[in-house]
Amino acid sequence: MRKEWRRSAYITVMDQASPIPVIPSRGSPLDFARGLRLPFTALGLIFRSPRLFGLSLLASLVTLASLIGSVAAWWRFTSPLLERFVHRPPSGFGEFLWGLLWVVLFALLTVISLNTVPVLLLAPLQDPLSEATEALCGGVEPRPFSLGRMLAESFTSIRHTLARIAILLAGHALLILLHLVPVAGTLLWTVLGPAWTMAWLATEYLDAPMARHLYPFRQVRGVVFRRLSLSLGFGAAVYVLLWVPILNLFFIPVAVVSGTLLFRALRESGDLPTPT
């Protein structure tokens, strides 16, 4: 009975065309647009699959709590943090520029929080989401539930997530030093800060399915740099998704499903060899 239910959870999409995006084996000028389209493909897949939708709904509740907490925390602490690096002018055009910088810093800190806190809390759900997505793509059967395996995989997933979060924060810690360069450094930071987050997002959510298939991190890093335009398009779409009301509650499920679809697309194209 349980096996029949598990099969029925996938039947809504398994009888349709494969959801794996078609990408060329080598980079092309359209790669960035292909990366941007991935989350929309993932959303459609989530709403057509009862299992993916159920897991995504659970993740959205955790994300909602993280969103409220992050906005409340940085609304209070952004001003004291910014004043440590940039003196606040009392009035005039300087005050306007300071306020504009506050908005940028508040947004970036909120994004960093949403890329760390819920990711860590939802680490145990990432592998089930990725596995369910691969099952819908064909060629992989979902594994039966095992409490021991779930605990072991959850521990490994949390450990890997902590390491990736450390990389994200280290990059932003270095970039914030640009504020020491008057004017030009701040302007450069407003560009490089989001760009670093986008690149990290692509690496984070492509690493999840690749790690499950025993790819070492150097191969994850290698394919991201080799297909940088495709990866940045994917990262940019996920980054923008953070700011779309309602949809941002599905941010992590959409990112995990998108990353899994990208992994399968790279495998199908022949651009991603077997693990070394």
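The values are calculated or read from the model by the stated rules, or taken from the named source; none is laboratory data. Worth saying up front: this structure is predicted, and the values here are computed from it rather than measured. Ideal geometry is used to build each Cβ from the backbone, glycine not excepted, and the neighbour counts take in all protein chains shown.
Just a few scattered comments:
- Test result for residue 249, under 24 Å from residue 48 (Cα atoms) and touching a helix residue (DSSP H, G or I) at 6+ places or on another chain (Cβ under 7 Å): yes
- A single entry from 101, 108, 81, 97 fulfils the requirement of being in contact with a Gly (Cβ under 9 Å, 6 or more places away or on another chain) and under 24 Å from residue 187 (Cα atoms): 108.
- Qualifying residue in the stretch 207-229 (condition: modelled with pLDDT of 85 or more, among the small types (Gly, Ala, Ser), buried (at least 20 other Cβ atoms within 10 Å of the Cβ) and touching a Phe, Trp or Tyr at 6+ places or on another chain (Cβ under 8 Å)): no
- Yes/no for residue 241 being closer than 14 Å to residue 42 by Cβ, surrounded by 24 or more Cβ atoms within 10 Å (Cβ to Cβ) and not acidic (Asp, Glu): no
- The residues in the stretch 74-98 that are in a helix (DSSP H, G or I) and either farther than 21 Å from residue 113 by Cβ or of a type in the set (Asp, Glu) (or both) can be counted, and the count is 7.
- Scanning the stretch 99-117 turns up no residue that is part of a loop (DSSP other than H, G, I, E, B), of a type in the set (A, V, I, L, M, F, W, C) and surrounded by fewer than 18 Cβ atoms within 10 Å (Cβ to Cβ).
- For the residues 211, 265, the requirement of being assigned to a helix (DSSP H, G or I), in contact (Cβ under 8 Å) with a residue 12 or more places away in the chain, on the phi < 0 side of the Ramachandran plot and out of contact with any helix residue (DSSP H, G or I) (no Cβ under 7 Å at 6 or more places or on another chain) singles out 265.
- Scanning the stretch 191-211 for residues that are under 12 Å from the mean Cα position of the chain (by Cα) and of a type outside the set (A, V, I, L, M) turns up 197, 200, 203, 204, 205, 207.
- Here residue 122 meets the list (1) more than 14 Å from the chain's Cα centre (by Cα); (2) surrounded by 20 or more Cβ atoms within 10 Å (Cβ to Cβ) almost entirely, failing just condition (1).
- All positions within the stretch 42-73 that are surrounded by 19 or more Cβ atoms within 10 Å (Cβ to Cβ) and either of a type in the set (Val, Ile, Thr) or touching a Lys or Arg at 6+ places or on another chain (Cβ under 6 Å) (or both): 46, 63
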